[in-house]
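Novice: Sharing a structure here in C-alpha coordinates format.
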Amino acid sequence: MRIRIITLFPEMFDGPFRASIVSRATRDGLVDITIHQLREYATDRHHTVDDDPYGGGAGMVMMAAPLADAVEDLKKSARDANEPDPTVVLLSPQGRRLDQRVAADLLAHDSLILVCGHYEGVDERFIESMVDEEISIGDYVLTGGEPAAIVLVDALTRLIPGVLGSEDSAPSDSFGSALGGRLQGPVYTRPREWRGREVPEILLSGDHARVERWRDEQAEIRTRDRRPDLSGSPDLGNR
Ligand code: ADE
(Lines give C-alpha, C1' and ligand atoms only; values in the text may rest on other atoms or scores of the structure.)
Protein backbone atom coordinates (compact mmCIF):
# COMPACT_ATOMS: atom_id res chain seq x y z
CA MET A 1 0.00 0.00 0.00
CA ARG A 2 1.21 3.49 -0.88
CA ILE A 3 0.30 6.40 1.40
CA ARG A 4 1.23 10.05 0.79
CA ILE A 5 0.46 12.53 3.55
CA ILE A 6 0.08 16.29 3.05
CA THR A 7 0.66 18.25 6.24
CA LEU A 8 1.89 21.51 7.76
CA PHE A 9 3.60 19.54 10.53
CA PRO A 10 5.71 16.71 9.08
CA GLU A 11 7.59 16.31 12.36
CA MET A 12 4.43 15.03 14.05
CA PHE A 13 4.81 11.76 12.13
CA ASP A 14 8.42 11.05 13.12
CA GLY A 15 7.72 9.17 16.34
CA PRO A 16 4.60 7.20 15.45
CA PHE A 17 5.90 5.93 12.11
CA ARG A 18 9.35 5.06 13.40
CA ALA A 19 8.23 2.64 16.06
CA SER A 20 6.66 -0.76 16.32
CA ILE A 21 4.53 -2.40 13.66
CA VAL A 22 4.24 0.52 11.23
CA SER A 23 8.02 0.93 11.08
CA ARG A 24 8.50 -2.81 10.56
CA ALA A 25 5.88 -2.85 7.80
CA THR A 26 7.67 0.08 6.15
CA ARG A 27 11.03 -1.65 6.41
CA ASP A 28 9.56 -4.84 4.93
CA GLY A 29 8.13 -2.90 1.99
CA LEU A 30 4.50 -3.74 2.87
CA VAL A 31 3.57 -0.07 3.17
CA ASP A 32 5.32 2.95 1.70
CA ILE A 33 4.58 6.22 3.54
CA THR A 34 5.88 9.63 2.49
CA ILE A 35 5.23 12.99 4.15
CA HIS A 36 4.83 16.19 2.12
CA GLN A 37 5.05 19.74 3.48
CA LEU A 38 2.07 21.77 2.27
CA ARG A 39 4.00 25.05 2.55
CA GLU A 40 6.17 23.97 -0.35
CA TYR A 41 3.11 24.44 -2.54
CA ALA A 42 2.44 28.02 -1.40
CA THR A 43 3.04 30.55 -4.15
CA ASP A 44 4.02 33.70 -2.22
CA ARG A 45 7.30 34.37 -0.49
CA HIS A 46 5.71 34.08 2.96
CA HIS A 47 4.58 30.55 2.12
CA THR A 48 0.99 31.44 2.98
CA VAL A 49 -1.44 28.50 3.10
CA ASP A 50 -4.37 30.04 5.00
CA ASP A 51 -6.45 33.22 5.02
CA ASP A 52 -9.40 34.90 6.78
CA PRO A 53 -12.81 33.31 6.31
CA TYR A 54 -15.20 35.07 3.94
CA GLY A 55 -18.15 36.36 5.97
CA GLY A 56 -15.97 36.93 9.01
CA GLY A 57 -15.55 34.83 12.12
CA ALA A 58 -12.73 33.45 14.19
CA GLY A 59 -9.82 31.46 12.89
CA MET A 60 -8.24 30.94 9.52
CA VAL A 61 -9.25 28.80 6.57
CA MET A 62 -6.83 26.71 4.54
CA MET A 63 -6.65 27.99 0.97
CA ALA A 64 -7.73 25.77 -1.92
CA ALA A 65 -4.82 26.49 -4.26
CA PRO A 66 -1.82 25.12 -2.28
CA LEU A 67 -3.83 22.02 -1.33
CA ALA A 68 -4.89 21.41 -4.93
CA ASP A 69 -1.35 21.93 -6.23
CA ALA A 70 -0.01 19.47 -3.65
CA VAL A 71 -2.62 16.82 -4.52
CA GLU A 72 -2.05 17.27 -8.26
CA ASP A 73 1.70 17.01 -7.84
CA LEU A 74 1.40 13.80 -5.81
CA LYS A 75 -1.07 12.33 -8.30
CA LYS A 76 1.42 13.07 -11.04
CA SER A 77 4.20 11.29 -9.16
CA ALA A 78 1.88 8.29 -8.75
CA ARG A 79 1.20 8.30 -12.51
CA ASP A 80 4.89 8.62 -13.29
CA ALA A 81 5.55 5.59 -11.07
CA ASN A 82 2.80 3.61 -12.85
CA GLU A 83 0.80 3.40 -9.65
CA PRO A 84 -2.99 3.36 -9.50
CA ASP A 85 -4.70 6.75 -9.23
CA PRO A 86 -4.59 7.63 -5.50
CA THR A 87 -7.79 8.12 -3.51
CA VAL A 88 -7.79 11.50 -1.76
CA VAL A 89 -8.87 11.43 1.89
CA LEU A 90 -9.31 14.56 4.01
CA LEU A 91 -9.12 14.06 7.77
CA SER A 92 -11.76 16.28 9.31
CA PRO A 93 -14.35 16.17 12.10
CA GLN A 94 -17.06 16.44 9.41
CA GLY A 95 -16.10 13.12 7.83
CA ARG A 96 -17.46 9.59 7.88
CA ARG A 97 -16.55 8.10 11.22
CA LEU A 98 -13.68 5.62 11.12
CA ASP A 99 -14.47 2.11 12.25
CA GLN A 100 -13.14 -1.32 11.33
CA ARG A 101 -15.36 -1.56 8.28
CA VAL A 102 -14.29 1.85 6.96
CA ALA A 103 -10.65 0.84 7.50
CA ALA A 104 -11.21 -2.36 5.54
CA ASP A 105 -12.92 -0.37 2.74
CA LEU A 106 -10.00 2.04 2.52
CA LEU A 107 -7.53 -0.84 2.44
CA ALA A 108 -9.02 -1.82 -0.91
CA HIS A 109 -7.55 1.41 -2.34
CA ASP A 110 -3.92 0.59 -2.97
CA SER A 111 -2.86 4.20 -3.03
CA LEU A 112 -4.03 7.01 -0.73
CA ILE A 113 -3.31 10.70 -0.36
CA LEU A 114 -4.16 11.83 3.17
CA VAL A 115 -4.73 15.55 3.61
CA CYS A 116 -4.43 16.92 7.15
CA GLY A 117 -6.70 19.89 7.73
CA HIS A 118 -5.95 22.68 10.20
CA TYR A 119 -7.27 25.93 11.61
CA GLU A 120 -11.00 26.52 11.18
CA GLY A 121 -11.24 24.27 8.17
CA VAL A 122 -10.48 23.86 4.51
CA ASP A 123 -11.92 25.90 1.62
CA GLU A 124 -14.98 23.94 0.50
CA ARG A 125 -14.08 24.27 -3.16
CA PHE A 126 -10.97 22.16 -2.65
CA ILE A 127 -13.08 19.50 -0.93
CA GLU A 128 -15.73 19.54 -3.69
CA SER A 129 -13.26 19.30 -6.51
CA MET A 130 -10.51 17.02 -5.19
CA VAL A 131 -11.46 15.06 -2.08
CA ASP A 132 -12.89 11.57 -2.60
CA GLU A 133 -13.68 10.93 1.04
CA GLU A 134 -13.70 12.81 4.36
CA ILE A 135 -12.85 10.73 7.42
CA SER A 136 -13.26 11.60 11.10
CA ILE A 137 -11.72 9.45 13.82
CA GLY A 138 -14.42 10.34 16.33
CA ASP A 139 -16.81 12.95 17.63
CA TYR A 140 -14.26 15.30 19.15
CA VAL A 141 -12.18 18.09 17.67
CA LEU A 142 -8.41 17.68 17.40
CA THR A 143 -5.92 20.48 16.81
CA GLY A 144 -5.49 19.18 13.28
CA GLY A 145 -5.77 16.18 11.01
CA GLU A 146 -2.31 14.80 11.85
CA PRO A 147 -3.22 12.67 14.89
CA ALA A 148 -6.19 11.37 12.89
CA ALA A 149 -3.93 10.46 9.95
CA ILE A 150 -1.62 8.60 12.35
CA VAL A 151 -4.58 6.63 13.71
CA LEU A 152 -5.86 5.85 10.22
CA VAL A 153 -2.44 4.71 8.96
CA ASP A 154 -2.03 2.49 12.01
CA ALA A 155 -5.47 0.91 11.60
CA LEU A 156 -4.82 0.29 7.88
CA THR A 157 -1.27 -1.00 8.22
CA ARG A 158 -2.13 -3.76 10.64
CA LEU A 159 -4.74 -5.05 8.17
CA ILE A 160 -2.22 -5.45 5.34
CA PRO A 161 -1.59 -9.17 4.85
CA GLY A 162 1.79 -10.13 6.31
CA VAL A 163 2.10 -7.15 8.65
CA LEU A 164 1.06 -8.85 11.88
CA GLY A 165 3.40 -11.56 13.10
CA SER A 166 0.83 -14.23 13.74
CA GLU A 167 -1.42 -14.99 10.80
CA ASP A 168 -4.57 -15.09 12.90
CA SER A 169 -4.03 -12.25 15.31
CA ALA A 170 -6.02 -9.59 13.44
CA PRO A 171 -9.29 -11.54 13.15
CA SER A 172 -9.40 -12.32 16.89
CA ASP A 173 -8.94 -8.71 18.01
CA SER A 174 -11.86 -6.63 19.09
CA PHE A 175 -14.06 -6.00 16.04
CA GLY A 176 -12.34 -8.76 14.08
CA SER A 177 -14.32 -11.18 11.96
CA ALA A 178 -13.59 -14.18 14.22
CA LEU A 179 -15.55 -12.35 16.92
CA GLY A 180 -18.35 -11.28 14.62
CA GLY A 181 -17.69 -7.57 15.14
CA ARG A 182 -17.65 -7.76 18.94
CA LEU A 183 -15.22 -6.75 21.67
CA GLN A 184 -12.51 -9.15 22.71
CA GLY A 185 -12.94 -10.82 26.08
CA PRO A 186 -10.31 -10.94 28.86
CA VAL A 187 -6.89 -12.49 28.26
CA TYR A 188 -4.25 -13.71 30.76
CA THR A 189 -0.61 -14.73 30.87
CA ARG A 190 1.80 -16.09 33.50
CA PRO A 191 1.84 -16.27 36.50
CA ARG A 192 -1.18 -18.41 37.20
CA GLU A 193 -1.91 -16.51 40.39
CA TRP A 194 -1.13 -12.81 40.81
CA ARG A 195 -1.96 -10.83 43.98
CA GLY A 196 -4.54 -13.40 44.89
CA ARG A 197 -6.22 -13.38 41.49
CA GLU A 198 -6.37 -16.68 39.63
CA VAL A 199 -6.46 -17.27 35.90
CA PRO A 200 -9.87 -18.79 35.00
CA GLU A 201 -9.56 -22.55 35.40
CA ILE A 202 -10.95 -23.31 31.98
CA LEU A 203 -7.96 -21.67 30.26
CA LEU A 204 -5.69 -24.21 31.93
CA SER A 205 -7.85 -27.18 30.93
CA GLY A 206 -6.17 -27.85 27.58
CA ASP A 207 -9.64 -28.47 26.13
CA HIS A 208 -9.45 -26.33 23.03
CA ALA A 209 -13.14 -26.54 22.15
CA ARG A 210 -14.23 -25.52 25.67
CA VAL A 211 -11.72 -22.66 25.68
CA GLU A 212 -13.07 -21.40 22.36
CA ARG A 213 -16.65 -21.59 23.65
CA TRP A 214 -15.65 -19.70 26.80
CA ARG A 215 -13.92 -16.99 24.78
CA ASP A 216 -16.98 -16.66 22.60
CA GLU A 217 -19.23 -16.24 25.66
CA GLN A 218 -16.87 -13.70 27.21
CA ALA A 219 -16.83 -11.66 24.00
CA GLU A 220 -20.64 -11.73 24.02
CA ILE A 221 -20.89 -10.65 27.68
CA ARG A 222 -18.33 -7.88 27.34
CA THR A 223 -19.95 -6.50 24.21
CA ARG A 224 -23.41 -6.55 25.80
CA ASP A 225 -22.12 -4.84 28.96
CA ARG A 226 -19.83 -2.24 27.44
CA ARG A 227 -21.06 -1.67 23.91
CA PRO A 228 -24.71 -2.66 23.64
CA ASP A 229 -24.79 -0.67 20.40
CA LEU A 230 -22.54 -3.36 18.84
CA SER A 231 -24.50 -6.37 20.09
CA GLY A 232 -26.02 -8.24 17.22
CA SER A 233 -24.15 -6.08 14.73
CA PRO A 234 -22.79 -7.85 11.70
CA ASP A 235 -19.14 -8.61 11.11
CA LEU A 236 -17.25 -5.33 10.81
CA GLY A 237 -14.98 -6.50 8.06
CA ASN A 238 -11.67 -7.23 9.75
CA ARG A 239 -9.65 -9.91 8.05
N1 ADE B 1 -9.37 17.08 12.62
C2 ADE B 1 -9.82 17.65 13.75
N3 ADE B 1 -10.59 16.81 14.45
C4 ADE B 1 -10.62 15.63 13.73
C5 ADE B 1 -11.24 14.36 13.92
N6 ADE B 1 -12.01 14.11 14.99
N7 ADE B 1 -11.06 13.42 12.99
C8 ADE B 1 -10.32 13.68 11.90
N9 ADE B 1 -9.70 14.84 11.66
C10 ADE B 1 -9.84 15.82 12.57
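Novice: Counting other Cβ atoms within 10 Å, which trypsin sites (Lys or Arg not before Pro) in the stretch 1-95 have at most 15 and lie in a DSSP loop? Kindly include the intermediate steps, with their values, before the conclusion.
Specialist: Details: sites: Arg2, Arg4, Arg18, Arg24, Arg27, Arg39, Arg45, Lys75, Lys76, Arg79; in loops: Arg18, Arg45.
Passing both the DSSP loop test and the Cβ count: Arg18, Arg45.
Novice: Further, regarding this structure: Mind putting a number on the dipole of the chain about its Cα centre? Charges go on the C-beta only, +1 for Lys and Arg and -1 for Asp and Glu, and I need it in Debye to the nearest 20. Walk me through the numbers on the way to the answer.
Specialist: Details: 28 positive and 42 negative charges, 221 e Å.
About 1060 debye.
Novice: Name the residues whose placed amide hydrogens come within less than 5 Å of the amide hydrogen of Ile5, ignoring near sequence neighbours (fewer than 5 apart) on the same chain.
Specialist: Long-range HN contacts for Ile5: Thr34, Ile35, His36, Leu114.
Novice: Cα convex hull of the chain: how many Å³ per residue?
Specialist: Numbers: hull volume 41.7 nm³, N = 239.
Each residue corresponds to 174 Å³ of Cα convex hull volume.
Novice: Alpha carbon centre of the stretch 119-148 versus the stretch 1-46: separation in Å?
Specialist: Result: 17 Å between the Cα centres.
Novice: Something else now. Calculate I(q)/I(0) for the stretch 16-83 by the Debye formula, one identical point scatterer on each C-alpha and no solvent, and give its log10 at q = 0.11, 0.26 Å⁻¹ to two decimals.
Specialist: -0.45, -1.06
Novice: For the chain, with every protein chain kept in place, what is the accessible area per residue (1.4 Å probe, Å²)?
Specialist: Working: 13590 Å² over 239 residues.
Value returned for the chain: 57 Å² of accessible area per residue.
Novice: Please give me, ordered by residue number, the chymotrypsin sites (Phe, Trp or Tyr not before Pro) of the stretch 83-167 that lie in loop per DSSP and have at most 15 other Cβ atoms within 10 Å.
Specialist: Loop-located and lightly packed - Tyr140.
Novice: Sum -39500 (n - 2.57) across every DSSP H segment of at least 4 residues in the chain, then divide by the residue count to get the 222 nm mean residue ellipticity, nearest 500. Numbers along the way, then the final one.
Specialist: Values: 8 runs with 79 residues, N = 239.
Using -39500 (n - 2.57) per qualifying helix, the result is -9500 deg cm²/dmol.
Novice: Moving to a separate point now. Could you tell me which of rounded, prolate or oblate describes the stretch 38-158, using a ≥ b ≥ c as the square roots of the eigenvalues of the alpha-carbon gyration tensor, with rounded for a/c under 1.5 and, failing that, prolate when a/b is larger than b/c and oblate otherwise? Can you show the working numbers first?
Specialist: Details: a/c = 2.17, a/b = 1.22, b/c = 1.78.
Oblate, since a/c reaches 1.5 and b/c is not below a/b.
Novice: For the stretch 179-220, restrict the atom set to alpha-carbon positions and state the Rg and Dmax in Å.
Specialist: Cα-based Rg and Dmax for the stretch 179-220 come out at 11.3, 34 Å.
The values are calculated or read from the model by the stated rules, or taken from the named source; none is laboratory data. Being a predicted model, the structure only gives us computed values, none of them experimental. No Cβ is skipped: glycine too gets one built from the backbone with ideal geometry, and neighbour counts run over all protein chains shown. Protein only, heavy atoms only, side chains kept; ligands, DNA and RNA dropped before computing areas. Shrake-Rupley method; radii C 1.70, N 1.55, O 1.52, S 1.80 Å.
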